[in-house]
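Heads up, the thing below is written out as structure tokens.
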Amino acid sequence: MSPALAWGLILGMALTNTVIRLVPIAAISRLELPDVVHRWLSYVPVSVMAAIVATQVLRPGGSWMLTSDNPYLLAAVPTALVFKFTRSFLGAIAAGMLAFLALRYLLG
């Protein structure tokens with residue numbers, strides 16, 4: 001594959017992706033949505049993030065790992081606790097990374 005074709009494909013995919021996402025957002029932004037729809041839409045980012053995180057924590061490598069030697073699952077506990085008590089996203093990330101690294105070292 002030539003570099004020109006590769007760049008053409010990348011630009012074409014970027015344009016397609018932008019159009020597919022931008023058109024519905026532009027159309028909806030012009031509408032006056034009811035409060036219940038605004039409230040419902042406010043849960044979408046949280047739900048998507050929870051689905052991504054839960055998949056990575058409970059199924060690392062693509063297979064279920066609900067055991068006490070799962071460092072991803074064990075590191076999620078201090079991460080959640082730090083966030084719950086501090087409300088610091090950065091602090092929770094730091095705690096999760098440190099817990100994960102320590103657990104990987106300890107669990108081998």
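So here's what we get for this one:
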| quantity | calculated |
| --- | --- |
| Counted residues, the stretch 85-99 - those being within 19 Å of residue 73 (Cβ to Cβ) and over 17 Å from the mean Cα position of the chain (by Cα) | 3 |
| Condition check for residue 54: in a helix (DSSP H, G or I), at negative phi and surrounded by 14 or more Cβ atoms within 10 Å (Cβ to Cβ) | no |
| Qualifying residue in the stretch 71-79 (condition: over 30 Å from residue 24 (Cα atoms), touching a Leu at 6+ places or on another chain (Cβ under 8 Å) and among the small types (Gly, Ala, Ser)) | yes |
| Residue selected from the stretch 1-46 under the condition loosely packed, with under 10 Cβ neighbours inside 10 Å, part of a loop (DSSP other than H, G, I, E, B) and among the hydrophobic types (A, V, I, L, M, F, W, C), by the criterion nearest to the chain's Cα centre (by Cα) | 31 |
| Residues satisfying the stated conditions in the stretch 49-93, i.e. within 20 Å of residue 107 (Cβ to Cβ) and small (Gly, Ala, Ser) | 61, 62, 63, 68, 75, 76, 80 |
| Every residue from the stretch 57-76 that is surrounded by 12 or more Cβ atoms within 10 Å (Cβ to Cβ) and outside any loop (DSSP other than H, G, I, E, B) | 57, 58, 60, 71, 72, 73, 74, 75, 76 |
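A short reminder: the numbers here are calculations on the coordinates, not readings from a lab. Quick caveat: nothing in here was measured; it's all calculated off a predicted structure. Using ideal geometry, Cβ is built from the backbone for each residue, glycine included, and neighbour counts are taken over all protein chains shown.
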